[in-house]
1. How far is it, in nm, from the label point at residue B:370 to the one at residue B:109 when both lie 7 Å from their Cα along the line to the Cβ?
2. Between the stretch B:132-188 and the stretch B:4-70, what's the alpha-carbon centroid distance in Å?
3. Quick check: the angle from helix B:274-292's long axis to the longest principal axis of chain B, C-alpha only, nearest 10 degrees?
4. Go through B:16-26, B:203-213 and give me the packing order, highest mean Cβ count within 10 Å leading.
5. Where a Cα-Cα gap under 23 Å defines reach, which lysines qualify for residue B:270, not counting those fewer than 8 residues away within the same chain?
6. Just need the relative contact order of the stretch A:10-69 here, percent rounded to a whole number, with Cα pairs under 8 Å and 6+ apart.
7. Rounded, prolate or oblate: which one fits the stretch B:93-227, using the alpha carbon gyration tensor with axes a ≥ b ≥ c (rounded when a/c is under 1.5, else prolate when a/b beats b/c, else oblate)?
8. Need one number: % antiparallel among DSSP beta bridges in the protein assembly as shown, to the nearest 5.
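A short reminder: the numbers here are calculations on the coordinates, not readings from a lab. This one's a predicted model, so the numbers in the text were calculated from it and none came from an experiment. Here the Cβ is made from the backbone with ideal geometry for all residues, glycine too, and neighbour counts use every protein chain on show.
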Amino acid sequence: MRNATQKKEECRFMIGALTQAMQAQRVLLNGAIKSEVVGADLRQGSAGCGYGVTYPCGEEIQARNLLRKAGIRVRR
Amino acid sequence: MIYLDHAATSFPKPSAVPAEMLRCMRLYCGNPGRGSHALALAAAERIFACREEVASFFGSEHPERVVFTVNATAALNTVIKGLLKAGDHVLISDMEHNAVYRPIHRLAQEGRITYDVFSTMVTEEGRNPIRITARLSRLVRSNTRMLICAHASNICSAVLPLEELGAFCHKRGILFVVDAAQSAGHLPIHLKHMQIDALCAPGHKGLLGPQGSGFFLLGEGILPDTLIEGGSGYRSLEGEMPQEMPERYEAGTLSTPAIVGLLEGIREVKKRGVERIGAHERALNLRLQSRLECIPEVTVYAPMHHGSVLLFNVAGHSSEEVGQALNKMGFCVRAGFHCAALAHRTLGTPQSGAVRVSPGYNNTEVQMDAFADAVERICKH
């Protein structure tokens, strides 16, 4: 289920449009989870540009829960 | 020069507004939503902060429902044309600006919709929300889909009862669209409490932002069709605009300098307090009105005392002559018809127009007295 690209200790969720990613970042930061907005990992078959957020890999469950409670969907 | 044309645009802006715009253009004006490098994201961060500020200022918990436009007219056109369908019936007030009247009139001319103009009773004794909605209910049809009204008039002090109109609309399943061009930053507005489906406003008037900024704020479940399509920085390989808000409606590059200026403008309004600003402007308006009403040659069109715009004419002079004379004496006011055909018709000034005085947050009682003195001098010549 994890849509994340592990890079050292930083993972990322693909979110979607920029404003959604900004909202996701706010939610994570408010939950004391370090987060940055980043460009989406564009793979073959993607619909084009998009945005995601980073989070510490060790905090995936908390991050995912916070986003779910805020109504923000994490995309594959 | 004494500036009394805040209904056209507020001036001067608080110093934080141009300062942040300049800082933006010098330091972080990347293209928001186009790429993910540091400057694009820095611009995007400030734009999102402005969405949050706009949403909370107007009682919404959804910054993603704040859509930036270049002005209120663009916002109204998008909402009106994006929500109405063929065969719909629309109600607009008799105090509307052409930003509402013209798009509605055009849709009707094309045979796509029908519309009726409802009376706001601004010139009648005993005007109250109950009587307005009682009259309004007679105009509702089975296909009435939308009611649009200006919260505050752009030519006189009339203010419409949004809470009652919002309740009226929602009871009947009618979309409630508000043009807040003259009330945003002057009067409290709450999207939820007033049951507003779409709120449209400029950034450069009462919100003290720069020209080129405007927005609409949508209620939950309101999803207009797009008016323009193009790059959104998201799902770029697809032919359709994305469904996600606000990107769905923001095709093309946003004006980051204008939006960060608007952010500072709103913060200034919050610091001063919207109620205090409005009360100050209304007090200036009433002070001037009481002076002008003592001049026999002057007719003041002041149906109500809720807003901060005052309209008058001087017997024997066209409104343009009076406006020019005041300009020579150092006063900036607007004469003519103020892009408000319906409203001038309602007030009985369609032939000659009138002179509009609109004090703002930074005007003083001394300035209003000086203005009244100037009008007296014009009358004596």
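1. 4.4
2. 28
3. Its long axis makes an angle of about 20 degrees.
4. On the way: B:16-26: 16.7, B:203-213: 26.5.
In descending order of packing, they fall as B:203-213, B:16-26.
5. Residue B:270 reaches B:13, B:192, B:205.
6. Values: 90 pairs, mean separation 26.4, N = 60.
This gives 44 percent for the stretch A:10-69.
7. Numbers: a/c = 1.38, a/b = 1.13, b/c = 1.22.
Rounded, since a/c falls under 1.5.
8. Values: 31 of 53 bridges.
Bridges in the protein assembly as shown that DSSP calls antiparallel: roughly 60 percent.
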